[in-house]
1. Taking only segment 273-291 into account, find how many residues are farther than 14 Å from Met367 by Cα and either at pLDDT below 95 or open to solvent by 70 Å² or more (accessible area, probe 1.4 Å) (or both).
2. Pick from segment 350-390 the residues that are open to solvent by 30 Å² or more (accessible area, probe 1.4 Å) and touching a strand residue (DSSP E or B) at 6+ places or on another chain (Cβ under 6 Å): which of them is nearest to Val201 (Cα to Cα)?
3. For the condition within 22 Å of Thr83 (Cβ to Cβ), small (Gly, Ala, Ser), outside any loop (DSSP other than H, G, I, E, B) and touching a residue at least 60 places away in the same chain (Cβ under 8 Å), what is the one hit in Ala193, Ala203?
4. Identify, from the list Ala294, Ala298, the residue that is in contact (Cβ under 8 Å) with a residue 12 or more places away in the chain and surrounded by fewer than 18 Cβ atoms within 10 Å (Cβ to Cβ).
5. Yes or no: segment 391-402 includes at least one residue that is at pLDDT 90 or above, open to solvent by less than 30 Å² (accessible area, probe 1.4 Å) and of a type in the set (Asp, Glu).
6. Where residues in segment 133-170 are open to solvent by less than 90 Å² (accessible area, probe 1.4 Å) and acidic (Asp, Glu), which of them is nearest to Gln196 (Cα to Cα)?
7. Just to be sure I understand, how many residues within segment 76-122 are of a type in the set (Asp, Glu) and under 14 Å from the mean Cα position of the chain (by Cα)?
8. Among the residues of segment 329-341, count how many are part of a loop (DSSP other than H, G, I, E, B), in contact with an Asp or Glu (Cβ under 8 Å, 6 or more places away or on another chain) and either free of Cβ contacts under 8 Å to residues at least 12 places away in the same chain or not charged (D, E, K, R) (or both).
Amino acid sequence: MPRIFGTDGVRGLANGELTAELALDLSVAAARVLVDRGDYEGERPLAVVGRDTRISGQFLEHAVVAGLASAGVDVLRLRVLPTPGVAYLTQSLGADLGVVISASHNPMPDNGIKFLARGGVKLDDAVERDIEAHLDRPWVRPTAGDIGRVAPYATPVEEYVDHLVSTLDRPLAGLKVVLDCAHGAAHESGPLALRQAGAEVIAIADAPDGLNINDGCGSTHLGPLRAAVLEHGADAGFALDGDADRCLAVDAAGETVDGDQLLAILALGMAETGHLVKDTVVATVMSNLGFVQAMKTAGLGVRQTKVGDRYVLEAMRVSGYSLGGEQSGHVIMSEHATTGDGTLTALHVLQRMASTGQSLASLAGVMTRLPQVLVNVPGVDKARTDEDAVLAAAVAEEEYALGDTGRILLRPSGTEPLVRVMVEAPTPELARDVAERLAGVVRQQLAL
């Protein structure tokens, strides 16, 4: 049957591809998989459900809750809470299932449903396929006292914030920070956590109306954050996305600090304190070569995975690594979280600033970002990317010319009929020239 789950749950246009009927059916199927697999204890499984601020989240939440309860699952409604907050409470409350209703950094008309297993971790592919298979299977509905109970959970934000602040070793007093909440799920918890940790906080994009999530703000639009940092003379600024599982930053001068740089800052700090397991950090193949070079200079290893935080998480889980992330700002600190957490990242980067007395610009200067150019080549047979001999020879020739000063990556898109050509080089002009030459070879050799 066609796959419904993508790389990060089920996502699509709310009330278009993602309907109330589908949300209800998916939740029933997820509950039945729990029962069939025996992945719970006690008489009834327990689920927690949270969402971001999109207006569509309201009807989708009711559909999800109805589906779970109708299948005999007790449900605690967490209301608006970041994805990492739902993951944390799934773990801390011993829930058998967590559900997040969010489309992360996508525009407002979209929404999504993400299921979390016990412990607050993402579902394995096999479990997602099992849920899809259960969508069309007949089942016996529970009745009478076997139907699930639904109740609001009283203190989700407070408990999540307390957890975040408890991960710090020192207060953030003396630091002035701008936090862009993207009018999203962390509009309450984000500023509260930073203030509770001792920082002076200027919150922006913290007034969601159900329509303005990610609209010209947040981690995909750093302009407002940059302007606010300069206006208020802040030491740093951090921009979350709609569900706050990632963040990007700007320094006091308004310069962007991306996910690779944030990861480098945390890696060096954790290595100094003995918290970087095996002195290794996990990153994806899209991480800037400058990051890899900086880690090598510091005597640290880099384990690289396919693009996607689920692959970073998988590598961390299998080998026990404590830090991983993506250039996009997904940073996972497994000692404190089971998923990427933008607010947690901001707190620990600020703690590094406080403990070293260095500015964010100085800390980020540990790595030099090589100019990176990405060219998308649509309308080609992406399945032949790794098979065409002429293309392979062209890549090898360009790699030989770059030597250790650059890098080339050809990656078929996971969702579109296109190939992504990524080139890093000492100068933007050289990176662009190499990328355009290889894009031309891709068009010629992989034409449909």
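The values are calculated or read from the model by the stated rules, or taken from the named source; none is laboratory data. None of these values were measured; they are calculated from a predicted model. Backbone-built Cβ (ideal geometry, glycine too); neighbour counts: all protein chains shown. The accessibility values were calculated without ligands, DNA or RNA, using every heavy atom of the protein model including side chains. Shrake-Rupley method; radii C 1.70, N 1.55, O 1.52, S 1.80 Å.
1. Within segment 273-291, the subset farther than 14 Å from Met367 by Cα is 273-286.
Next, only the ones that are either at pLDDT below 95 or open to solvent by 70 Å² or more (accessible area, probe 1.4 Å) (or both) stay: 273, 275, 278-279, 284-286.
Result for segment 273-291: 7.
2. Narrowing segment 350-390 to residues open to solvent by 30 Å² or more (accessible area, probe 1.4 Å): 352, 355-359, 361-362, 365-366, 368-369, 371-372, 374, 376, 378-379, 381-384, 386-387, 389-390.
Right, trim to touching a strand residue (DSSP E or B) at 6+ places or on another chain (Cβ under 6 Å) and you get 361, 372, 374, 376, 378, 382.
Working: Ala361: 19, Gln372: 33, Leu374: 35, Asn376: 39, Pro378: 44, Lys382: 47 Å.
Taking the candidates together, the pick is Ala361.
3. After ruling out the rest, the residue left standing is Ala193.
4. On the way: Ala294 fails: surrounded by fewer than 18 Cβ atoms within 10 Å (Cβ to Cβ).
Going through Ala294, Ala298 in turn, the sole match is Ala298.
5. Step one: of segment 391-402, the residues at pLDDT 90 or above are 391-402.
This time we only want the ones that are open to solvent by less than 30 Å² (accessible area, probe 1.4 Å), so: 391, 394-395, 398, 402.
Subset that is of a type in the set (Asp, Glu): 398.
Yes: one or more hits.
6. Once the filter is applied, the top-ranked residue is Asp162.
7. From segment 76-122, those of a type in the set (Asp, Glu) are 96, 110; that's our starting set.
Then drop every residue that is not under 14 Å from the mean Cα position of the chain (by Cα), which leaves none.
Within segment 76-122, residues that are of a type in the set (Asp, Glu) and under 14 Å from the mean Cα position of the chain (by Cα) number 0.
8. Narrowing segment 329-341 to residues part of a loop (DSSP other than H, G, I, E, B): 329-330, 334-341.
Among the residues that remain, those that are also in contact with an Asp or Glu (Cβ under 8 Å, 6 or more places away or on another chain) are: 329-330, 339-341.
Narrowing further to those that are either free of Cβ contacts under 8 Å to residues at least 12 places away in the same chain or not charged (D, E, K, R) (or both): 329-330, 339-340.
The number of residues fulfilling the criteria is 4.
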